[in-house]
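The block underneath contains the structure these notes are about, expressed in structure tokens.
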Amino acid sequence: MRDDRQSPFRDAHTDRSTASHVPDTPQTRSPAYKLAFADEDFLCRDELRPVRLQLELLKPEMMMAERGITSTVVMFGGARIPEPAKKHTARTQTLAELSEYYDEAREFARLITEKSKESGCKELVIVTGGGPGVMEAGNRGAKDAGGCSIGLNIVLPHEQAPNLFVTPELSFNFHYFAVRKMHFLMRARAITIFPGGFGTLDELFESLTLIQTGRMERVPFLLFGRDFWERVINWRALADAGTISAEDLDLFRFVDTAQEAVEIIDNWEPAPPRDAIPGR
């Protein structure tokens with residue numbers, strides 16, 4: 001990350017280096033003597049949570065801005081969905097059958113990235129959670145096209161390292177789920193949801209709620225795999241019960257192929273944000 005601003009003050013990098021070469025004394029060994037911004041233990045204190053939240057918001061924002069990235073296409077989907085060549089390793093028959101969406105995700109990302117390259121990979125940049133499964137397929141498709149893609153990883157107890165197809169300079173890691181989800185949506189010009197589990201459902205409903213309540217502008221919101229999503233969620237029952245409006249069912253579309261999704265995005269006519277309706 002570069003900082004081209006000119007300042008008459010001594011810069012922080014220089015002082016951090018200078019402070020590491022002071023004489024070794026009881027005073028300089030004390031945690032109290034460490035520069036606050038260079039003291040990891042201090043930064044991890046509970047009282048510093050607001051600072052950490054701000055840092056997680058700023059770091060990816062600044063690095064993407066420096067690359068000139070103005071818009072993204074979001075790909076949410078399950079980490080457990082295997083590529084077809086490895087579907088024999090799937091833990092269930094359903095997961096093996098869903099492996100077809102790995103290929104669709106890869107092809108969708110390839111097609112979108114071909115368009116992104118026309119802007120020098122500044123617009124319509126693929127962004128995934130940076131992990132395995134559908135996320136890997138998305139970053140892989142972008143690499144197939146010779147473009148760049150973003151990976152937004154999260155620190156979890158049992159996983160996950162970034163997949164090997166994320167553009168290294170756009171591979172970010174998060175502690176806070178909330179800030180990570182903000183970065184998914186801040187530049188979003190389309191949102192795609194592939195079959196997945198709790199994490200995918202969380203991302204689906206938070207994104208859909210922001211659009212439903214008018215807190216986010218309407219963008220193409222595409223659910224890959226009608227059979228899967230209609231089996232998992234009884235959308236019509238929600239409307240029939242009155243817990244959502246019938247018109248809310250128009251906020252998203254079902255698609256089954258990459259080409260179908262790309263055509264919807266290509267032909268999308270922007271609509272004004274929804275007016276927030278109390279009680280939704």
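Give the residue, chosen from A85, A38, A12, that is loosely packed, with under 12 Cβ neighbours inside 10 Å and either modelled with pLDDT of 95 or more or more than 25 Å from the chain's Cα centre (by Cα) (or both).
A85
Name the residues in the stretch 219-254 that are over 25 Å from A178 (Cα atoms), outside any helix (DSSP H, G or I) and touching a Leu at 6+ places or on another chain (Cβ under 7 Å), would you?
R253, F254
Got a sec? Which strands (runs of 3 or more DSSP E) wholly within the stretch 123-180 have at least 1 residues that are in contact with a Leu (Cβ under 9 Å, 6 or more places away or on another chain), of a type in the set (A, V, I, L, M, F, W, C) and under 16 Å from R110 (Cβ atoms)?
Per the criteria, 125-128, 149-154.
Looking only at the stretch 113-135, which residues are farther than 20 Å from P60 by Cβ and not basic (K, R)?
Across the stretch 113-135, the qualifying residues are E114, E118, P132, G133, V134.
Of the residues F198, F221, which single one is without any contact (Cβ under 8 Å) to a residue 24 or more places away in the chain and under 17 Å from the mean Cα position of the chain (by Cα)?
The unique qualifying residue is F198.
Condition check: part of a helix (DSSP H, G or I) and touching a residue at least 24 places away in the same chain (Cβ under 8 Å). Does M216 satisfy that?
no
Kindly establish whether L156 is within 25 Å of G141 (Cβ to Cβ), in the same structural domain as I81 (by TED's automatic domain parsing) and surrounded by fewer than 17 Cβ atoms within 10 Å (Cβ to Cβ).
yes
What residue, of A12, A36, is within 25 Å of F174 (Cα to Cα), without any contact (Cβ under 8 Å) to a residue 24 or more places away in the chain and touching a Phe, Trp or Tyr at 6+ places or on another chain (Cβ under 8 Å)?
Exactly one residue qualifies, and that residue is A36.
I need the full set of residues from the stretch 203-213 which are of a type outside the set (G, A, S) and assigned to a helix (DSSP H, G or I), in order please.
E203, L204, F205, E206, L208, T209, L210, I211, Q212
The values are calculated or read from the model by the stated rules, or taken from the named source; none is laboratory data. Since the model is a prediction, treat every value here as computed from it, not as a measurement. When we count neighbours, we look across all protein chains shown, and the Cβ atoms used for this are built from the backbone with ideal geometry, even at glycine.
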